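Written out below as structure tokens is the structure these notes cover.
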Amino acid sequence: MSQRSGLRQARAFAPASVANVAVGFDLLGYAVAGVGDTVTVRRIDVPEVRIAAIRGAAVALPHEAGSNTAGAALIALREALQLPFGFEIEIDKGIPLSSGMGGSAASCVAALVAANALLDEPLSREQLYVYSLEGEAVASGSRHGDNLGPMFLGGLVLSTLERLVPVPVPVTWHSLLVHPDALLETRRARAALQGAYELKEFVAQSTNLALVLAGCHAGDAGLVRAGLADVLIEPRRASLIVGFDAAKQAALDAGAMGASISGAGPSIFAWFETREAAEAAAQNVQVAFASAGFDSQAWVTPLNSPGASLL
């Protein structure tokens with residue numbers, strides 16, 4: 001689908017994601033099926049990026065393109081490719097705001113995938129990733145791709161500033177993602193990370209990341225169980241999430257390989273070896289949040305769920 005076919009408009013869907021995955025802060029993430037953002041992009045003759053509409057957001061989001069993740073990403077794309085035309089964007093939000101589910105990244109990725117279909121020479125997903133980092137910086141204040149990479153490629157992805165590295169996982173492994181009806185602004189969650197860290201903490205976190213990656217490649221749940229624990233970030237953020245400790249323990253008691261904060265929170269994720277185990281655990285985790293005073297939503301999806309797609 002390129003501009004040579006006369007296409008003037010395209011729509012794309014980008015799924016939610018779980019970022020950090022306990023052991024890979026700003027590096028590791030995976031796609032979550034069943035919930036996401038949809039973006040419509042039109043090619044316009046005016047050489048600018050503008051946002052025509054934003055629907056489905058509980059609070060007002062920026063309509064000024066440079067202050068919006070989707071708009072900033074398309075501005076970066078336009079300027080880098082020196083395009084003589086512009087884009088008009090309509091965003092339909094499906095991911096709760098400030099949920100730790102990659103909502104800002106999803107709009108950004110969906111916009112780039114849709115706009116890419118309107119280019120005379122479409123780019124690869126890896127090439128689009130570079131521009132999505134500019135959009136993510138608008139939302140969080142830093143360029144990190146742990147939400148973006150899996151949205152582009154699907155599945156579990158290790159995302160550096162320069163490359164996307166898919167990480168294989170067994171097809172039977174599933175994720176439980178539970179979102180309590182609470183807000184935790186990303187910048188506030190990142191502010192909680194300020195302060196001194198000890199070298200032994202970095203060594204422990206590196207050890208756990210290595211165990212998880214090795215376990216995924218080998219399909220060895222025992223290695224993942226040994227490593228899927230956040231000793232670096234979670235201790236500094238857990239107090240920001242009411243009910244987190246009980247919700248995490250409920251997942252572990254139900255047989256999870258590991259559980260932690262999804263992205264910046266307040267959502268929680270857990271890994272299970274089967275869909276049945278993940279589904280059985282969902283109610284227990286939701287009960288834990290209910291005891292803390294929060295209704296919640298739960299999604300059970302394969303760890304190799306698909307990434308963004310044209311509609």
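Quick note: the coordinates plus some simple rules give every number you see, no bench work behind them. Keep in mind the model is a prediction, meaning the values are calculated, not measured. Cβ sites come from the backbone with ideal geometry, for glycine too, and all protein chains shown count toward neighbours.
Rounded to the nearest 20 debye, the dipole magnitude of the chain is 300 debye, with +1 charges on Lys and Arg beta carbons, -1 on Asp and Glu beta carbons, and the Cα centre as origin. Annotation: for a label point projected 7 angstrom from Cα along Cα→Cβ of Ala58, residues of region 279-311 with backbone N closer than 11 Å are 295-297. State whether the chain is rounded, prolate or oblate according to the following rule on the C-alpha gyration tensor (a ≥ b ≥ c being the square roots of its eigenvalues): a/c under 1.5 gives rounded; otherwise a/b larger than b/c gives prolate, and the remaining case gives oblate. Prolate is the answer for the chain, as a/c is 1.5 or above and a/b outweighs b/c.
With a ≥ b ≥ c the root eigenvalues of the C-alpha gyration tensor of region 168-302, is it rounded (a/c under 1.5), prolate (a/b larger than b/c) or oblate? Taking the square roots of the gyration eigenvalues as a ≥ b ≥ c, region 168-302 is oblate. What separates the Cα centres of region 173-197 and region 271-295 is a distance of 18 Å.
The GNM of the chain, with springs linking C-alpha atoms under 10 angstrom apart, assigns the highest mean-square fluctuation among Leu209, Leu133, Leu119 to Leu119. Can you tell which of Leu81, Leu184, Leu61 shows the greatest fluctuation in a Gaussian network model of the chain with Cα springs below 10 Å? Of Leu81, Leu184, Leu61, the Gaussian network model singles out Leu81 as fluctuating most. Dipole orientation for region 3-166: of the candidates Ser104, Ser159, Ala31, Ala31 has the Cα lying most toward the positive pole (charges on Cβ; Lys, Arg +1; Asp, Glu -1). Scalar couplings 3J(HN,Hα) for region 225-235, obtained by applying the Karplus form with A = 6.51, B = -1.76, C = 1.60 to θ = phi - 60°, are 4, 6, x, 7, 8, 9, 9, 10, 9, 3, x Hz; x denotes Gly and Pro. Normalised by the number of residues in region 3-166, the average gap of Cα pairs under 8 Å and 6 or more apart makes the relative contact order 31 percent. Karplus-derived 3J(HN,Hα) values for region 19-28, using 6.51 cos²θ - 1.76 cosθ + 1.60 with θ = phi - 60°, are 9, 6, 6, 6, 10, x, 4, 6, 10, 10 Hz; glycine and proline are entered as x. Computed from backbone phi with θ = phi - 60° and the Karplus coefficients 6.51, -1.76 and 1.60, the 3J(HN,Hα) list for region 201-209 is 5, 5, 5, 5, 5, 5, 4, 5, 4 Hz; x is used for glycine and proline. Using C-alpha pairs under 8 Å with a sequence gap of at least 6, the mean separation divided by the residue count of the chain gives a relative contact order of 25 percent. Look at the alpha carbon pairs under 8 Å that are at least 6 residues apart: their mean separation over the length of region 136-282 gives a relative contact order of 26 percent.
Could you compute the net charge surrounding Ala65? Neighbours are other residues with a C-beta less than 14 Å from the C-beta of Ala65; K and R count +1, D and E count -1. List each step's numbers first, then the result.
On the way: positive: Arg42, Arg50, Arg78; negative: Glu48, Glu64, Glu79, Glu88, Glu90, Glu134.
Value of the local net charge: -3.
The distance separating the Cα centre of region 81-105 from that of region 1-75 comes to 2 Å. Using a Förster radius of 22 Å, what is the FRET efficiency between Ala246 and Leu97 based on their Cβ-Cβ separation? Nearest 0.05, please. With a Förster radius of 22 Å, E is 0.35.
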